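The values are calculated or read from the model by the stated rules, or taken from the named source; none is laboratory data. Just so we're clear, the structure is a prediction, and the values are computed from it rather than from any experiment. With ideal geometry, Cβ positions are generated from the backbone for all residues, glycine too; neighbour counts draw on all protein chains shown. Just the protein is used for accessible areas: all its heavy atoms, side chains included, with ligands, DNA and RNA removed. Shrake-Rupley method; radii C 1.70, N 1.55, O 1.52, S 1.80 Å.
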Amino acid sequence: MAKVRKDLRGRSLRKGEVQRSSDKRYMYTYTDPMGRRKFIYANDLTELREKEAKLMKDQLDGLDLYVAGKASVNDTFDRYMSTKYNLRESTRSSYFYTYDHYVRDTFGNKRIAEIKYSDVLQFYYYLLNEVKISLGTLDTVHCLLHPTFQLAVRDEIIRNNPTDGVMKEISRESGKNRGIRHALTVEQQRAFMEYIANHPIYYHWWPMFTVLLGTGCRIGEALGLRWQDLDYDRRTISINHSLSYYQKPESNKSVLRISKPKTEAGIRTIPMLDVVKDSFEMLYEEQLENGFNETEIDGMSGFIFCNRFGTVPNPQTVNHTIKRIANSYNADEVVRAKKERRDPIILPNFSCHHLRHTFCTRLCENETNLKVIQSIMGHRNIETTMDIYAEATEEKKQESFENLATKLDVFEKCLVERMTTICLIYNKLTTKRT
């Protein structure tokens, strides 16, 4: 049995209590909700235990001493993150990266009880104008700060959330717009794929980009595909997991991890187009000759895509490759167009996710059932599908009206009949005058 500690007067001390030999003061040690060690001091044991009782009450009420008017934004953010038990590890890592990169060393040091609406507004303008972040990145920062302050409101640390309405004013006054992700045009898509297929260096990327443009998969979903996820008999692809590449919070090392798709709707089955099937067969034949991917990630193996090191590529590598290919293509296209005396077809700056958006746009151009599109894309909200559908069909307006004029000759017949009537009336009037 462990020996019970006692003070100098022989009284038994509880767990966490000690009497210091240096000045005879009593001290109680505890761990706050953030996992940090804290201390309470008193001149006698009775006073110490009164403070312990108050501390316990405050903790039970969710208002521990370190928060009561003295907490910084950093303290409150860390407290907020400690309540997010169901976050994926990659999402948690992304949240901490964004917060640590833009907030922790500056705005995060301020006391949360002293922050006003204008302080938040000035900080956001600082990020936009001095740090030069985009409005989309600022949205991400705001999505971390707003619930952090809201937690303090609910804990009755502050009365109002100073971040309320800030983004609306920023959007109105800054003159900046959120970047809109546009799909590649049919010409651009065709030029991109033909350039890869015929290039002596980039040709081996053709199967991957064919899969991305032929399935609409997110890059993590595509890189996570295994041979067993393909059903050649039913001509379907099962999307049931995703591959994430992120930096671990406790180190600078980035790792690949298996997770569920971005949303529950992301678990889906996609029909396999002929060109996508051909791409998979090309990869299979290539790996029969050179060896299959033997990487094991979180117990999963048999991954379809493989880099030159025999491992699964990470999303950053694919995005960097797109940039290199696009730059190389544009340089060659300008020269070719000049020789052929035509306007060049220039590729914009785009990423893997633009390829998903491009697939969705092509699908919207050929399919009118929004629920079918939503199911194939794995969109959680139909609004996302409708936004892309609206953008895709906007470009089809002119074509639709031209088709309408060709197919519906009722307007032409009415016009002919009307002109005939006018001519008859005119002839009668002319005859009477004569």
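With respect to the stated conditions, Lys84 is without any contact (Cβ under 8 Å) to a residue 60 or more places away in the chain and closer than 30 Å to Asp298 by Cβ. Could you tell me which numbered condition Ser72 fails, if it satisfies all but one of (1) modelled with pLDDT of 90 or more; (2) surrounded by 15 or more Cβ atoms within 10 Å (Cβ to Cβ)? Every condition holds for Ser72 apart from (1).
Every listed requirement among (1) of a type in the set (A, V, I, L, M); (2) over 24 Å from Met300 (Cα atoms); (3) open to solvent by 10 Å² or more (accessible area, probe 1.4 Å); (4) in a helix (DSSP H, G or I) is met by Ile201 save one, (4). Consider the stretch 296-309 and keep the residues that are closer than 24 Å to Asp278 by Cβ and open to solvent by less than 30 Å² (accessible area, probe 1.4 Å). The one that is farthest from the chain's Cα centre (by Cα) is Gly302. With respect to (1) over 21 Å from Thr210 (Cα atoms); (2) at pLDDT 85 or above; (3) not β-branched (Val, Ile, Thr), the lone exception for Leu347 is condition (1).
Which one of Phe209, Phe149, Phe123, Phe96 is under 30 Å from Gln287 (Cα atoms) and either of a type outside the set (D, E, K, R) or not in a loop (DSSP other than H, G, I, E, B) (or both)? Explain how you work it out, then say what you get.
On the way: Phe149 fails: under 30 Å from Gln287 (Cα atoms); Phe123 fails: under 30 Å from Gln287 (Cα atoms); Phe96 fails: under 30 Å from Gln287 (Cα atoms).
Sole residue among the options that is under 30 Å from Gln287 (Cα atoms) and either of a type outside the set (D, E, K, R) or not in a loop (DSSP other than H, G, I, E, B) (or both): Phe209.
Confirm whether Gln150 is open to solvent by less than 70 Å² (accessible area, probe 1.4 Å) and either within 30 Å of Tyr329 (Cβ to Cβ) or in contact with a Gly (Cβ under 6 Å, 6 or more places away or on another chain) (or both). The answer is no for Gln150.
Considering only residues in the stretch 373-419 that are aliphatic (A, V, I, L, M) and open to solvent by less than 60 Å² (accessible area, probe 1.4 Å), the one that is modelled with the lowest pLDDT turns out to be Ala392. The set of residues in the stretch 208-232 that are among the β-branched types (Val, Ile, Thr), open to solvent by less than 10 Å² (accessible area, probe 1.4 Å) and either under 16 Å from Val312 (Cα atoms) or in contact with a His (Cβ under 9 Å, 6 or more places away or on another chain) (or both) contains only Val211. Residues that are among the acidic types (Asp, Glu), open to solvent by 40 Å² or more (accessible area, probe 1.4 Å) and under 20 Å from the mean Cα position of the chain (by Cα) occur at least once in the stretch 88-96.
When Glu367 is tested against (1) open to solvent by 30 Å² or more (accessible area, probe 1.4 Å); (2) in contact with a Ser or Thr (Cβ under 7 Å, 6 or more places away or on another chain), only condition (2) is not met. Determine whether Ser328 is in contact with a strand residue (DSSP E or B) (Cβ under 7 Å, 6 or more places away or on another chain) and over 21 Å from Tyr246 (Cβ atoms). No: the conditions fail for Ser328. When the test is whether a residue is in contact with a Pro (Cβ under 6 Å, 6 or more places away or on another chain), modelled with pLDDT of 85 or more, open to solvent by 30 Å² or more (accessible area, probe 1.4 Å) and over 16 Å from Cys143 (Cβ atoms), Lys116 passes it.
Which of the residues belonging to the stretch 6-24 are at negative phi and open to solvent by 80 Å² or more (accessible area, probe 1.4 Å)? Across the stretch 6-24, the qualifying residues are Lys6, Leu8, Arg9, Arg14, Lys15, Ser21, Ser22.
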